[in-house]
Amino acid sequence: MSRENKPLLVCIATLTRRRPKMLEALIRSWSSLKIPDKVSPVFVVIENDDEEKSKSVIQNLEPLFNKGRLTYALEKEPGIPFARNRAAQEAINISADLLLFVDDDEEVDIKWLENIIAGYRNSDAKLIGAPLRAKKPKKKLNMIQNLMFRNINNRYKKKENRASSKTAQGGTPGVTIVTNNWLSETTLFSKHNIWFDESMRHTGGTDSKFYADVIEKNIPTAWVTDAYVYETISEDRLSFVYQYERARDQSNTNFRRKNKGNVGLNPMVLASILMKSFAVAILIITLPISLGLTLMTTARTLGWIAGRIGAIMGSESSLYSKTTGN
């Protein structure tokens, strides 16, 4: 049976930890989704905590779901890869054909499911990504926060445009599919034995590693250009320090992953650090000329340098050891 005609049981999942307001906004957006023909959705919230703190949110919102059902599971083992793998196991347990991930600080477009399933049905891909867009918090922001939001919004738009142009030729060359907007066949777990790396408990980057494992096995991937999710950028992320620290930890993790932990200072690494340092100097000088629109690039480039140096000196990222937002 072709994908176009095959009935699909899909598990739509999010992970959460102590962000009830954001979680509620996501669940409400789930309840408004247009459900495609021959698709049966199950929505699951995986709480990664030591006790049930969000279950009451799920119970209160359950009556909103007249198409599909809303479920809950508690994963007590701390760390995002454990929670992601728990979601995959929940999907396998109900014999779902597909597992979809979005983050708990996001909201989905009303046509998100319709469009990403159409993309799946029109391709042979087993792993699919789609765009992330920025949503401003409702709280009034100060000048620096407003400027940083503009920077983030511009960065997301550039990444979306880059992904759309690169993937128009087929596959996802040069574009990493991450779990902020993500669809996979459950066979990636059950048949191909690809799971999120639980040794990377708090470092982040397990979805990037998952994608790399999929590519290594020559499993087809795709990008859907019109299945949108919107991330609410909380005020605590709209700071120079947060963006620097996030880039530092991502740089550290990516450097370690690509070198399989064997990191060290060599001429190529030294040259890249020196080039980035020169770029930072230029960015700082041109900040007034750009009217602050290179502020985030400055923070992230500094973070990239610090992450590389930290990895060489033996430090590891702890990106996801604490939760931000509400």
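Below, the figures for the structure above:
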quantity	calculated
Theoretical FRET efficiency, 1/(1+(r/R0)^6), r = Cβ-Cβ of K166 and K191, R0 25 Å, to 0.05	0.35
Linear extension gain, K276 paired with N259, 0.36 nm per residue minus alpha-carbon span	4.2 nm
Heavy-atom accessible surface of the chain: percent carbon and sulfur, 1.4 Å	52
Two-site label geometry, K38 and I289: point separation in nm, points 7 Å out along Cα→Cβ	5.7
Relative contact order for region 185-326, counting Cα pairs under 8 Å that sit 6 or more residues apart, in percent	37
Cut-off 20 Å, label 7 Å out along Cα→Cβ of K21, residues of region 146-171 by amide N	146-150
Tensor-based shape of the chain (alpha-carbon gyration tensor, a/c under 1.5 rounded, otherwise prolate or oblate)	prolate
Helix axis angle, 112-121 relative to the chain longest principal axis, alpha carbon, degrees	80
Residue-averaged 222 nm ellipticity for the chain, from DSSP H runs of 4+ at -39500 (n - 2.57), nearest 500	-14000 deg cm²/dmol
DSSP-defined beta bridges in the chain - what % are antiparallel, rounded to 5	30
Heavy-atom surface of the chain, accessible at 1.4 Å and reported per residue (Å²)	49
Helix 20-31 vs. the chain, principal-axis angle (Cα, 0 to 90°, nearest 10)	50
Extension gain from K157 to N266, taking 0.36 nm per residue of separation minus the Cα-Cα distance	35.8 nm
Aspartates and glutamates with Cα under 20 Å of K138, excluding same-chain neighbours fewer than 8 positions away	E24, D103, D104, D105, E106, E107, D109, E231, E235, D236
Label point distance in nm, E77-D236, each placed 7 Å from Cα along Cα→Cβ	2.6
Cross-link pairs K111/K136; K21/K135; K53/K76 - those with Cα-Cα distance over 19 Å	K111/K136
Tilt relative to the chain, helix 206-216 - C-alpha long axis, 0 to 90 degrees, to 10	80
Estimated FRET transfer efficiency (E62, K138; beta-carbon r; R0 25 Å; 0.05)	0.50
Mean separation of Cα contacts under 8 Å (6+ apart) over length of the chain, as relative contact order %	21
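The values are calculated or read from the model by the stated rules, or taken from the named source; none is laboratory data. Here the structure is a predicted model, which is why all the values come from computation and not from measurement. Cβ: placed from backbone, ideal geometry, glycine included. Neighbour counts: every protein chain shown. With ligands, DNA and RNA removed, areas are computed over all heavy atoms of the protein, side chains included. Shrake-Rupley method; radii C 1.70, N 1.55, O 1.52, S 1.80 Å.
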